[in-house]
Each structure stands twice: as C-alpha cells, then as structure tokens.
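The values are calculated or read from the model by the stated rules, or taken from the named source; none is laboratory data. Note that this is a predicted model, so its numbers are computed, not measured. Positions of Cβ are backbone-derived with ideal geometry, glycine not excepted, and every protein chain shown enters the neighbour counts. These area figures cover heavy atoms from the full protein model, side chains too; ligands, DNA and RNA do not enter into them. Shrake-Rupley method; radii C 1.70, N 1.55, O 1.52, S 1.80 Å.
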Amino acid sequence: MLVWFGSPRSLASHQTLQNKVFRGSIVGMFTGVWRDLVHAGRSLTKARAFTFVCVVSLGIGMVPVIAVPYVSRVTRTPPPGVKTEGLVEIVTPPRGPRAAGDAWSYPDFVDLRAAATGMSLAGWTGGPSKTTIQTPAGVETTSVPTLFVSANYFRTVGVALARGPGFSEAMDDPANAEPAVILGYAFWQNRLGGDPDIVGKTLTLDDIAHLVVGIAPERFDGHLFLHGKELFVPLEQYPRLRDTNAANRIRSERNNEWIYIIGRLSAGVGIAQANAAVSAVTSRTAKQYPSTNEFKAGMVVPYHPSGYLARTQFIVIEAVALTLSGAVLIVVCLNISGMMQVRSAMRERELSIRQAIGASRGRLVQYLLCEALLLAGLGSVLGSVVAFNIPALFSWWAGRALPDQVQAALRPDLSIFAMCVGLCLVTSLVFGLLPAARFSRPAILSSLKDDAGAGGFRAGRVHQLTAALQVAVAVPLIVMSGMSLERFRATATADLGFDADLLYAAPLKLETPGGAARNENAGFRIRSVRDALEKASGVASATVADGLPLGFAGDSAKVSLQADANVAATFVPVHVTRVGDAYLKTMGIPLLRGRGFTVDDGAGAEMVTVISKPLADRLFPNADASAALGKRLTFGAPGNNARPQQTLTVVGITGDFPTAQMSDKREQLLLPLAQHPVANVFLIARSAPGEPPLKMTAALETAIRELGPDVDRALTYADGLPYSRIVTGVWLRQNSMRDFLVQSAVAGGAGGVILILSALGIYGVMGLMVAARTREIAVRVALGASRARVIGMILFDVVKLAMPGVAVGLVLTAALVRLNGDNMGIPLSNLEPLAYGAGAAVAILVAVVASLIPARRAASVQPMVAMRSV
C-alpha cells in the first residue's frame with residue numbers, strides 16, 4: 001500500500017507527471033517502431049533481389065491460405081431473399097445400420113406434415129422438365145432443371161414472388177392438383193423475352209400445359225447453394241407421382257426415399273421443442289412399420305445454405321485444404337527464415353556496431369522483426385490481390401459471368417481484411433523471430449575484427465531437413481509428370497482392347513414422362529432404329545449401351561461370388577455397363593470364353609452377366625479364366641437400398657478393355673440392357689473399314705431424326721459435360737490422351753512450384769553455411785585452393801544436402817507406381833524408367849543452381865580476411 005505524505009496539490013502534480021511519462025513512453029515506442037520500419041524499408045529497397053524473391057515466395061504461400069476461407073464463404077451464404085431465422089431442415093440421424101440422411105419417403109413426409117410439430121413443413125425434390133417454347137426460329141424443346149415443391153414452399157423459405165399469386169393450397173391435394181408453374185426470373189427474361197403478361201398464360205412441360213401462376217424474384221434459383229433451378233412446379237406434378245402405374249406404389253412405399261423436407265418454426269417454438277415433436281412422430285411410425293422404419297428417426301436441424309449434412313463435408317474439405325495450404329506456407333516461412341539468416345549473417349558487423357553504440361537486444365530484435373513485418377505485409381498484399389481476383393479470372397476463363405449469389409458472397413469485407421492482417425503478423429513472427437533472436441546478440445569483437453561478418457553461425461538442422469523434404473516431395477511429382485507424358489505418347493498407338501477408330505455413337509435419353517407404356521414404346525422405337533441403322537450402307541454393326549469406354553462416366557457397384565452361409569462374402573468393386581445384344585461385336589471387344597448377350601436375355605429370363613478378364617482373375621486368382629463360367633455372382637452390396645442385391649450367372653468372359661478412363665480400375669461387369677433398363681443410352685454404330693466419317697455421322701443423324709421428339713438427344717455426363725453431338729472412337733482416344741497431358745501438366749506444375757520453394761530453402765541453407773565458414777574458406781584460399789576448388793566444395797555440399805531427399809523421393813515414386821501400377825492404363829514402357837533418372841537429375845540441377853550464388857560468394861573470399869580474423 002502506497003501512502004502519500006504530501007499535499008493534495010502535489011499528489012495531483014505527481015499523477016500528471018506520471019501520465020505524461022506514460023504517454024511519452026507510448027509515443028516513443030511507436031516512434032521507434034516507425035523509424036525501424038522506415039529504415040527497414042530503405043534496407044530492403046537496396047536488396048531488391050532478396051526482397052523480390054521473399055515477397056513472391058510469401059505471396060505463393062499465402063494465396064491458398066487466403067483463398068480457401070475466402071472462396072468457402074460461397075457455401076455458407078444463403079441465396080438472396082431467403083429468411084434464415086427460424087428455417088430448419090428435417091434429417092435422419094445415424095441409428096443402427098442406417099447412416100445419416102436427408103431424404104424421406106412420400107408417406108413419411110405426409111405423416112410429418114399432418115402432425116402437430118410446431119412447424120410448417122414443405123417438401124421438395126429436383127428433376128428435369130422437357131419444356132416446349134415458341135421462338136422466332138420455331139418450336140424449341142429443351143430440358144430445364146426444375147424444383148418440384150409443396151404449395152407453401154415460397155412462404156416457408158420466406159421469399160416473396162416478383163409477380164403472380166403463386167401456388168394455392170389445393171396444389172398439395174392429389175385429387176385436385178392442377179398443372180401450374182412458377183418461372184425463374186432468368187428463365188422468364190432469357191427464354192420468354194420478359195413477357196409482361198406471362199402470368200395467366202400456359203407453358204408446356206413434359207407435353208402437359210401448365211398455368212403460369214408467378215415469377216420468382218431475381219437471382220433466386222432455390223433455397224440451397226447454387227441450386228440452379230429455373231422452374232418451380234407443384235410436388236404433386238412430379239413425373240413419378242403423375243405416372244398412373246407407379247403413383248400408388250410410390251405413395252405407399254416407405255423405403256423409397258426421394259423427398260427432402262424443410263420447415264419454418266412457428267412463433268414461440270424452438271428447435272428443441274420441434275425436435276421432440278418430430279421424434280415422437282418417427283417413433284410412432286417405427287413401431288407401426290418396423291420393416292422399413294425401425295431405424296429411421298427424425299431430427300430438426302438449423303438451415304444451412306449447402307444442406308445440413310453436406311455442410312459437414314464442406315467443413316472437412318475446407319479443413320484439409322487449410323491444413324495442406326498451411327503446411328505449404330510454413331515451408332515457405334522456413335525457407336524465408338533461412339534466407340533472412342543469411343542476410344543477417346552478412347550484416348553481423350552492422351548489428352555489432354549498433355550494439356556497441358548502445359542498442360539493446362530488444363531494440364535489435366525489434367529492428368529485425370520490422371524487416372520481417374514489411375516482407376510479410378508485401379507478401380500478404382500480393383497474395384490478397386491474387387486471391388481476390390481468382391473469381392474474375394475463373395469467370396474470364398469460363399467465358400461467362402459468375403452467378404449473382406457467388407459474386408455477392410465473394411465481396412471482400414472487414415473480416416477478410418482482418419484475416420489478411422492477422423496472417424501477415426503470424427507469418428512475420430514465424431519466419432522472422434528465429435533470425436531476430438539468433439542475430440540480436442552478435443559477438444562484437446570478432447564481428448568488428450572480421451570484415452566478412454563470419455559470426456560462426458551454422459545452418460539449423462530444421463532448415464536442412466525442410467530443404468531435403470521439399471526435394472523428396474517434388475521428385476515423385478516430376479517423375480509422374482514424365483510418366484504421364486510417356487503414356488500420352490503410347491496411347492496414340494496402344495491397343496485399347498476395342499476398335500476405337502471405327503466407332504460412332506449418339507447420346508440419347510429414352511425416358512419420357514407420361515407412363516411406362518410410353519417409355520416402353522420409346523425403347524421399342526430405338527430398337528427398331530438400331531436394326532435399321534445396322535442395315536444402312538457402311539454400317540457393320542449397331543448396338544445400344546449406357547456407357548462408352550474412355551467416356552469419363554460410368555456406374556460402379558460391388559459383386560461377390562456366392563458363398564456358403566457360414567462364409568463371409570468378399571465384395572469386389574466393378575465398373576458396370578448395361579448393353580444391348582451385339583455389343584461385343586459392335587465394339588470389337590474379343591470374347592475369350594462363353595457367349596455374349598442375345599435377344600433371349602430379356603425381362604423375365606435368367607439374370608446373366610458377362611465379365612472382363614481382369615474381374616475373372618480377381619475372383620479366381622489361382623484358376624484359369626474359364627473357371628468363372630457358370631458361376632453365380634451376388635450383384636450389389638448388402639444394405640444398399642438404391643440397388644437391391646441380385647443373383648447373376650456368368651455366361652461369358654471378354655478381353656481387357658478400359659473403363660471410364662485409362663487410369664481407372666479395369667474390372668468390368670456387363671449387364672443386358674433389357675434386364676436392367678436405364679434412361680440415358682448411346683446408340684452405337686461400327687463402320688466398315690474404309691468408310692468415310694461423314695457418311696457414318698450422316699447415318700446416325702438420320703437414325704436420330706427418325707426417333708422423333710419422344711426421345712431427347714440431351715445427355716449429361718457425371719462431370720457435367722453435355723454431349724448433344726456424335727461421339728467418335730477417335731475422339732475418345734484423343735480425349736484420353738489429353739487426360740494424360742493434363743495429368744502431366746498438373747504433376748509437373750506442382751512439382752515445379754515445390755522445386756522452386758526447395759531452391760529457396762537450399763539457397764538459405766547454403767548461404768548461411770558459406771557465411772559461417774568464411775574464415776575456413778579464406779584459410780583454404782590462402783593455402784592455395786583455387787576458385788574452382790572452392791566452388792566444387794560448395795557444390796559437393798549441396799549435392800550431399802539434396803541426395804537424401806532425392807533418394808527418398810525415388811523410393812516414394814517406386815512405391816506409388818507399384819501400388820497403383822495396375823491402374824496406369826497401359827503397361828510401363830521401356831522409356832518410363834528414364835523418368836526416374838530425369839526426375840532425380842532435375843532435382844539435383846535445381847539444387848546446384850540455387851547454390852551458385854553462395855558458391856560464387858565463397859570463391860570471392862580474399863586470403864587477407866583470414867589474417868585479420870586471427
């Protein structure tokens with residue numbers, strides 16, 4: 001306790017003096033920091049090369065760290081107009097063998113909607129609608145992405161329509177529902193010319209006239225992140241519910257889950273209360289329908305723009321991306337730290353003079369950290385400029401503007417600015433603290449006596465290990481890049497296992513709304529067209545299949561040999577293709593054993609399959625491929641509701657041919673299309689040798705026109721690439737070759753960036769080693785060592801530093817090739833082992849180039865330095 005014995009006036013004067021001293025110290029501290037920043041800026045300006053390399057390196061490291069949270073904001077930003085407060089989703093938590101899900105069956109949805117849950121619930125599902133529009137050029141029929149929703153959907157998400165009354169409550173009544181549609185704003189403007197009187201008119205969807213009852217607000221395409229829906233149709237108009245043959249079954253099946261449920265909490269109702277009400281409903285249905293609902297429970301969760309369950313996946317992806325990008329930034333910081341230690345070692349004489357004239361260690365640390373802060377600030381600015389322009393660059397590359405929702409989410413704000421400032425401060429401490437602490441206590445006498453400032457510091461083991469690890473990571477990427485280039489060359493002449501040069505295919509969409517009879521009629525017409533196509537001049541054979549080799553799309557499943565009940569089945573992943581008869585003949589795929597499919601393998605006949613030799617070898621590793629004939633396979637893994645298990649009999653074994661990509665696994669399972677009908681197929685023709693491509697293209701175009709408007713030509717692959725033209729086997733080969741080029745470019749680019757970073761690390765390590773050995777090198781020169789001898793000594797040291805990383809990288813490459821060698825697409829050629837030597841040579845060459853500057857500096861040491869340092 002402090003006791004004051006003076007007068008009150010003197011006490012006030014003392015307190016005023018203390019305040020002035022405190023304010024003066026604060027002002028003095030900031031003034032000192034400002035002076036150090038100014039001096040550091042001048043010093044870095046003189047060392048232009050050093051500053052440029054550090055800033056660019058930091059910019060490279062900071063771009064992904066800034067871009068990941070910046071771009072991920074898109075997945076967390078709700079669409080314009082959606083009122084998120086009180087908006088919830090109904091999902092099923094994991095229970096027993098059942099995983100978490102967000103889809104519900106139609107009867108479950110009806111039960112939840114009718115119960116008193118304290119919420120207004122709306123169901124929705126997506127799908128295409130074949131839309132017919134009158135344009136100046138004529139009638140245009142196209143497939144439009146559509147959201148099928150409950151009548152209260154827009155009220156539930158809190159979005160007000162731009163025009164029109166919207167759906168009435170009667171739209172949810174199966175008996176009274178009338179075809180109606182709400183247009184998306186962009187669809188109204190772009191497809192219908194912004195007709196001001198469109199409300200009250202009709203729009204033909206799936207050959208049914210729908211009354212236009214409203215227009216959605218601008219920029220709204222659904223309540224989820226980039227939902228992309230252009231039309232909104234009542235849920236009761238969903239094609240599966242309109243199909244008279246399937247509607248009754250779908251309305252009663254509780255294991256057919258295809259509806260998603262959102263809701264809005266009523267006033268005064270919380271999530272916990274609504275969750276209890278939903279749990280009571282699902283518990284009751286679980287008791288009533290144990291065969292389908294025993295493990296199905298309901299849970300009310302807050303709305304998320306990406307979907308509550310999908311948000312977890314985005315969080316994991318973001319965490320992994322931040323971890324990887326953060327690791328890259330740490331490596332960059334370690335490299336810059338080594339370079340700054342080299343710079344500080346060369347300036348040890350200057351730092352010793354500062355200490356000799358009174359600078360404290362704390363002041364030297366502050367001065368050195370100011371340099372690090374300036375470098376980090378410039379790197380952060382460069383990284384921010386690049387990261388913030390990624391959307392614009394992507395838009396320019398794609399040739400179209402980004403969606404409004406994305407543009408709104410990617411507007412930089414105060415949080416992004418604060419993140420950049422924080423990243424700047426953290427990185428400056430990471431790479432600046434060690435050099436500052438290490439060189440803030442220079443040996444004054446030895447430093448002043450030594451013109452070269454050879455303070456005797458040694459390169460840290462951390463920096464040496466980091467440089468070697470970067471080389472170890474870069475080598476596999478460089479080698480893989482060379483291997484992909486060799487595969488690009490080999491693919492041009494390789495035997496693909498099918499006659500790619502003679503194939504022509506047209507993508508078709510068989511399924512049309514309006515009932516199973518109509519779909520069956522469309523399938524019959526396609527079979528008729530296929531038969532007519534096979535008789536056309538120049539066509540050797542024709543068939544139908546739902547996929548093409550090297551088509552970058554396909555279906556996967558699991559199969560196992562049927563075993564005894566006491567033996568656990570081993571399931572093998574396979575690529576599944578549903579094909580018509582004459583598929584093997586048309587594709588030119590050799591049949592090694594058994595038979596192919598015939599017209600007798602139709603609906604109602606024994607379920608059969610034809611497998612490829614790689615799958616036969618996988619199922620029977622110690623037997624001839626013919627051992628698979630007649631064996632029964634279990635198709636589909638247990639617990640997969642989307643694909644119930646079936647028993648298939650193997651009737652044939654084909655040669656090896658690629659799946660969706662050359663690098664994918666080769667185990668193939670062919671199924672008769674008649675026994676496993678699908679919506680999207682290819683009409684495939686094989687030309688006779690020597691037939692011109694234009695003739696075959698014309699034959700396919702004629703066949704497509706004969707199908708009429710009932711069969712749509714639009715088909716979308718899994719990667720979103722639409723094909724509405726003729727696909728040729730030559731194009732499939734070339735596209736596969738381009739895939740190897742892309743792989744080579746990606747691997748080579750990534751390896752090149754890592755090699756550049758490793759070069760910076762090696763430069764820092766070798767520069768510090770040279771600075772630490774200045775006296776030793778000077779003595780060597782005084783004793784007669786030539787300039788070439790000194791440079792050779794330094795280069796030998798850098799090779800010793802890089803070789804462990806090269807050796808580890810080659811071992812990793814060999815392991816990766818061995819583990820994934822069967823999926824490389826084509827066998828390794830005699831030239832590919834050269835990629836190992838080339839990768840090692842490139843890594844060592846980069847290391848040698850990075851050490852040339854320190855080596856020349858070492859060779860320039862004068863013998864007199866050794867005399868003055870004694």
| Can you put His575, His39, His210 in order of accessible area, largest first, using a 1.4 Å probe? | His39, His575, His210
| Candidate lysines for bridging to Lys130, where Cα separation is under 30 Å - those fewer than 8 sequence places away on the same chain excluded | Lys201, Lys229, Lys509
| task | May I ask you to give the solvent-accessible area per residue for region 748-821, in square angstrom, as obtained with a 1.4 angstrom probe? | result | 45
| field | Accessible area per residue in Å² at 1.4 Å probe, computed on region 546-702 | value | 43
| remark: Taking N as the number of residues in region 765-810, the ratio of its alpha carbon radius of gyration to 2.2 N^0.38 Å works out to 1.36
| Radius of gyration and maximum dimension Dmax of region 89-242, Cα, Å | 16.4, 58
| message | Could you work out what % of the accessible surface of region 59-170 is carbon and sulfur, using a 1.4 angstrom probe and leaving DNA, RNA and ligands out of the count? | response | 57
| task | Express the carbon and sulfur contribution to the solvent-accessible surface of region 199-249 as a percent, rounded to the nearest whole number, probe 1.4 angstrom. | result | 47
| Peptide ranges 774-781, 787-794 listed from the most packed, as the mean C-beta count within 10 angstrom indicates | 774-781, 787-794
| For the peptides 164-176, 121-133, 465-477, what is the packing order when you average, over each peptide's residues, the other Cβ atoms within 10 Å and list the highest mean first? | 465-477, 121-133, 164-176
| note | Taking a straight Cα-to-Cα line shorter than 19 Å from Lys613, and setting aside same-chain lysines fewer than 8 residues away, one finds Lys558, Lys585, Lys631, Lys665
| task | Label region 87-130 by shape, choosing from rounded, prolate and oblate, from the square roots a ≥ b ≥ c of the eigenvalues of the Cα gyration tensor; if a/c is under 1.5 it is rounded, and otherwise prolate applies when a/b is larger than b/c, oblate when it is not. | result | oblate
| Can you work out ³J(HN,Hα) from phi for every residue in region 368-379, in order, using Karplus 6.51 cos²θ - 1.76 cosθ + 1.60 and θ = phi - 60°, giving whole Hz and x for Gly and Pro? | 5, 5, 5, 5, 5, 5, 5, 4, 5, x, 5, x
